[in-house]
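Below is one structure; the comments refer to it alone.
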Amino acid sequence: MSEKKMIIDGIECPFTDERNVLEVAKNNGIDIPSLCYCENLSIYGGCRLCLVENEKGVLDAACSMQPRNGLVVKTHSEKVLKSRHTTLQLLMSSHRAECLTCEQSGHCKLQEYAHRYNVVEPRFAENTYSHERLDVSSPCITRDPSKCILCGLCVRMCSEVQNIGAIDFTKRGKKAIVAPGFGKMLIETGCVGCGQCAAVCPTGALTINRQIPEMWRMLNDPNKRVVVQFAPSVRVGLAEEFGMPANEPVTGKLVTALRRLGVDVVYDTNLSADLTIMEESAEFLEKVKSGAKLPMFTSCCPGWIQHVEKAHPELMPQVSTCGSPMEMLGALIRQQFNNGNDSKGDDDVYSVAIMPCTAKKFEAQRPELVKDGKRLIDLVLTTDELARLLKAAGIDLKNLPDSEPDSPLGDYTGAGVIFGVTGGVTEAVIRRVLDDASPEALKTIAECGVRGLEGIKAFTVTAGDLSLKIAVANGLGNADKLIEKVQSGEEYFDFIEVMACPNGCIGGGGQPPASNARKRERMEAIFKADDACELKLPQQNPALGYVYDELLKGRAHELLHIHYPLHHQH
Amino acid sequence: MENVDLRFIDSVLDKYGSDKAKVIAIMQDVQEKYRYLPQEALEYIAKKVGMSESKLYGVATFYGNFSLDAKGKYVMKVCRGTACHVRKSSNVLQAIYDATGTSEHKPNSDDGLFTLEIVSCLGACGLSPVVMVNDTVHAAMTPEKARALVEQLRGEA
């Protein structure tokens, strides 16, 4: 069969199975503007910005047009330009533009297009935007209806990918607004704070609840010691904000940047990821041995935990009681500066976690994350917020030398770093259980079906006389599909890993928004960071002896496990 | 406000097989009983048909015929279409406002008996000016007839 081709702007554009003309154009280097299209969501065709002109001189939306052999379209004819201009002016009339002070300024697609297509005059009075109040109920996300242009990306993300449907189109015509039902606030809905809606929002209608001023205050307070931990995925998302390739981890530069920012102590969450695996595999093997109800679900992801609490409360007893790596390192940091381990104690310690995640902001506030009367984590900043902080401090990540995190909570193995990608926690558990560090054994594990960005993966692992059925889901919609199969008895699993965000933490709501191709590069970067580690098994982490003997001193379960109320229902 | 009878909602859901595609019919049946859509009923329906609350709320608020606000025992629809207008329906409307203690911005009377709605045409222009009370049409209205109608309804309540 000969190659299929269509003509865009006089250029021959080969295509295969692209879902629309917009994708064909993109793959051939032509960027057609669009505000309501996303490669991972259904096609809506509502914003009318991607209109192109066909041979008959008729305008049609490129996002809803099937590519066909010999099709001819123009993307910047006079007719197209005129329509695009008017469409932008209409969109601007229903958008409260406060571009100088808007959170999204510089990242706003409407702003970008208005500039790119030279919309220098507003034409229509800016009078149809919503006057509904700002929704600041969620510790993770802020919703500002006055900036919403009704593209519906968030609606589709929340219902199609996450299967939650916290927000939807409500009312009609001029009064139409994307909102939770019955005038509720986000916090009163099934929202888990994953931040995927904000990641796809083209304007500032849905934004991360940023806490940058708080961080500056602490950095500039001479009476505070700022102790920072950073998650596996931060080292693979941050680089992109500084024009560096996505497929290389920037751990060393990140540590240097944090020190230049004024951070007093830098630790790596990878250490507690190793620790999580030690605790979680012990808990899992104990459950298998004692005949407890399986599958056991992982517990690292705060979005997933909230989803269980809100949508599947009956499953909570099957969720591991292990705290997340962030919680565990938070607990270790408190111990590190207490109990005579540090001359000054931990009263002046301000514990900050840099996370790829918006839901972590909620997790850190939970009452269960208070131990010995103290909050384990004082502040959670996202990768995006860290990038803004560094830029404000004039730190150019690209040109920094590498440095190492502080001892003794900076050591880690490859098992900890792969937490950042879907399947990583599971792979680390398998490494721990099989306890074989030979390259052959590691290769077998890597190829057992645990790796890859598919939404649901299922496979079997044999460990001695145990044959374990394992499933990995990323995205809450996929998790719900899996749960349905387990609850209906259609499938059986011993262990299920769930990460709320598509592709796992590398695609977290706190990361710079990224295309699928970009996320694939981030996954490569995570495995490169794993390759760079000499030690691969969590049990090889040299700091574990110190952690268990000197810091935890028999309090491991008390400090490293979190019992949420629903864990112990009758 | 009345309490929602979940057994009644269940019977409506059964009638339509709890089918997501039939939520409009389900909501119509519920509105027929309560004269509006109580929030509790909608939340229950959303759960039972497997639809998000926000989506069902979106459908309910899209259609002008669904109401999420409680209504009085008598819903009075005063026609302000062209034919009724030229035959002085504005005077009829004002008379009803005065008699029931309602206004343009306060459609419900304090005694919970009356809800006033302005409609654009009831399709009975030959009978203008027209006022509809629940399912009954009252033709060739005058302010006097309107006041008498309100009194009569009050007596029946």
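Here is how the numbers come out for the structure above:
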{"quantity": "Total residues in the range A:97-148, condition assigned to a loop (DSSP other than H, G, I, E, B) and either surrounded by 19 or more Cβ atoms within 10 Å (Cβ to Cβ) or of a type outside the set (V, I, T) (or both)", "calculated": "33"}
{"quantity": "Any hit, the range A:165-175, residues being within 14 Å of chain B (Cβ to nearest Cβ) and aromatic (F, W, Y)", "calculated": "yes"}
{"quantity": "Which numbered condition A:N163 fails, given (1) of a type in the set (S, T, N, Q); (2) in contact (Cβ under 8 Å) with a residue 60 or more places away in the chain; (3) surrounded by 20 or more Cβ atoms within 10 Å (Cβ to Cβ); (4) closer than 30 Å to B:L68 by Cβ", "calculated": "(3)"}
{"quantity": "Qualifying residue in the range A:556-565 (condition: among the aliphatic types (A, V, I, L, M) and either part of a loop (DSSP other than H, G, I, E, B) or not assigned by TED's automatic domain parsing to the domain that holds A:A331 (or both))", "calculated": "yes"}
{"quantity": "Qualifying residue in the range A:378-397 (condition: under 23 Å from A:A556 (Cβ atoms) and part of a strand (DSSP E or B))", "calculated": "no"}
{"quantity": "Output for the range A:149-160, where each listed residue is touching a residue at least 60 places away in the same chain (Cβ under 8 Å) and either at the interface with another protein chain (Cβ under 9 Å from one of its Cβ atoms) or within 25 Å of A:Q306 (Cβ to Cβ) (or both)", "calculated": "A:G152, A:L153, A:R156, A:M157, A:E160"}
{"quantity": "Which listed residue is in contact (Cβ under 8 Å) with a residue 60 or more places away in the chain, under 24 Å from B:V150 (Cα atoms) and in the same structural domain as B:E151 (by TED's automatic domain parsing), from B:N91, B:N134", "calculated": "B:N134"}
{"quantity": "The lone exception for B:Q152 - which of (1) farther than 10 Å from B:Y74 by Cα; (2) of a type outside the set (D, E, K, R); (3) touching a residue at least 40 places away in the same chain (Cβ under 8 Å); (4) assigned to a helix (DSSP H, G or I) it fails", "calculated": "(3)"}
{"quantity": "Within the range A:459-482, considering residues that are part of a helix (DSSP H, G or I) and hydrophobic (A, V, I, L, M, F, W, C), the one nearest to A:K289 (Cα to Cα)", "calculated": "A:L482"}
{"quantity": "The range B:82-140, residues that are among the polar types (S, T, N, Q) and assigned to a helix (DSSP H, G or I)", "calculated": "B:T82, B:S89, B:S90, B:N91, B:Q94, B:T100"}
{"quantity": "Some residue of the range A:206-213 being surrounded by 24 or more Cβ atoms within 10 Å (Cβ to Cβ) and over 23 Å from A:Q306 (Cα atoms)", "calculated": "no"}
{"quantity": "B:S109 vs. criteria within 14 Å of another protein chain (Cβ to nearest Cβ) and either polar (S, T, N, Q) or within 23 Å of B:H138 (Cα to Cα) (or both)", "calculated": "no"}
{"quantity": "Cross-chain or 6+ apart pairs with Cβ under 6 Å, the range A:214-229 first and in contact (Cβ under 8 Å) with a residue 24 or more places away in the chain, then assigned to a strand (DSSP E or B) and surrounded by fewer than 15 Cβ atoms within 10 Å (Cβ to Cβ)", "calculated": "none"}
{"quantity": "Condition check for A:P222: out of contact with any Gly (no Cβ under 7 Å at 6 or more places or on another chain) and not aliphatic (A, V, I, L, M)", "calculated": "yes"}
{"quantity": "B:V78 being outside the structural domain of B:P38 (by TED's automatic domain parsing) and buried (at least 21 other Cβ atoms within 10 Å of the Cβ)", "calculated": "yes"}
{"quantity": "Boolean, A:S146 is polar (S, T, N, Q) and away from chain B (no Cβ under 11 Å)", "calculated": "yes"}
{"quantity": "Test set (1) touching a Cys at 6+ places or on another chain (Cβ under 7 Å); (2) outside the structural domain of A:Q335 (by TED's automatic domain parsing); (3) not basic (K, R) - A:L186 fails condition number", "calculated": "(1)"}
{"quantity": "Candidate set: the range B:112-125, residues that are in contact (Cβ under 8 Å) with a residue 24 or more places away in the chain, out of contact with any Pro (no Cβ under 8 Å at 6 or more places or on another chain) and not hydrophobic (A, V, I, L, M, F, W, C); chosen: the one surrounded by the fewest Cβ atoms within 10 Å (Cβ to Cβ)", "calculated": "B:S120"}
{"quantity": "Given (1) part of a loop (DSSP other than H, G, I, E, B); (2) among the charged types (D, E, K, R); (3) at the interface with chain A (Cβ under 8 Å from one of its Cβ atoms), number of the condition B:K55 does not satisfy", "calculated": "(1)"}
{"quantity": "Yes/no for A:A273 being surrounded by 19 or more Cβ atoms within 10 Å (Cβ to Cβ), of a type outside the set (K, R), within 30 Å of A:A166 (Cβ to Cβ) and at pLDDT 95 or above", "calculated": "yes"}
{"quantity": "Evaluation of A:R133 against (1) more than 25 Å from A:C194 (Cα to Cα); (2) at pLDDT below 95; (3) more than 14 Å from chain B (Cβ to nearest Cβ) (one fails), failing number", "calculated": "(1)"}
{"quantity": "Candidate set from the range A:484-501 (those that are in contact with a strand residue (DSSP E or B) (Cβ under 6 Å, 6 or more places away or on another chain) and buried (at least 24 other Cβ atoms within 10 Å of the Cβ)); member that is farthest from A:I470 (Cα to Cα)", "calculated": "A:M499"}
{"quantity": "Pick from the range A:176-190, criterion in a loop (DSSP other than H, G, I, E, B) and in contact (Cβ under 8 Å) with a residue 12 or more places away in the chain, ranking: nearest to the other protein chains (Cβ to nearest Cβ)", "calculated": "A:P180"}
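Rundown of residues vs (1) crowded, with 17+ Cβ neighbours inside 10 Å; (2) of a type outside the set (F, W, Y); (3) under 27 Å from A:I333 (Cβ atoms), yes/no style:
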| position | (1), (2), (3) |
| --- | --- |
| A:L397 | yes, yes, yes |
| A:D436 | no, yes, no |
| A:L453 | yes, yes, no |
| A:N478 | yes, yes, no |
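Residues are listed down the side, and each one gets a yes or a no for (1) over 22 Å from A:D144 (Cβ atoms); (2) in a strand (DSSP E or B); (3) in contact with a Ser or Thr (Cβ under 6 Å, 6 or more places away or on another chain); (4) assigned by TED's automatic domain parsing to the domain that holds A:C300:
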{"position": "A:V192", "(1), (2), (3), (4)": "no, no, no, no"}
{"position": "A:T203", "(1), (2), (3), (4)": "no, no, no, no"}
{"position": "A:E241", "(1), (2), (3), (4)": "yes, no, no, yes"}
{"position": "A:K253", "(1), (2), (3), (4)": "yes, no, no, yes"}
{"position": "A:R260", "(1), (2), (3), (4)": "yes, no, no, yes"}
{"position": "A:V266", "(1), (2), (3), (4)": "yes, yes, no, yes"}
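Here's the yes/no breakdown for (1) away from chain A (no Cβ under 14 Å); (2) under 27 Å from B:F114 (Cα atoms):
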residue	(1), (2)
B:D10	yes, no
B:K20	no, no
B:I26	yes, yes
B:V30	yes, yes
B:R35	yes, yes
B:P38	no, yes
B:L42	no, yes
B:A60	no, yes
B:G72	yes, yes
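The values are calculated or read from the model by the stated rules, or taken from the named source; none is laboratory data. Computed from a prediction, not measured in an experiment: that's the story for all the values here. Because the Cβ atoms are built from the backbone with ideal geometry, glycine has one as well, and the counts that use them run over all protein chains shown.
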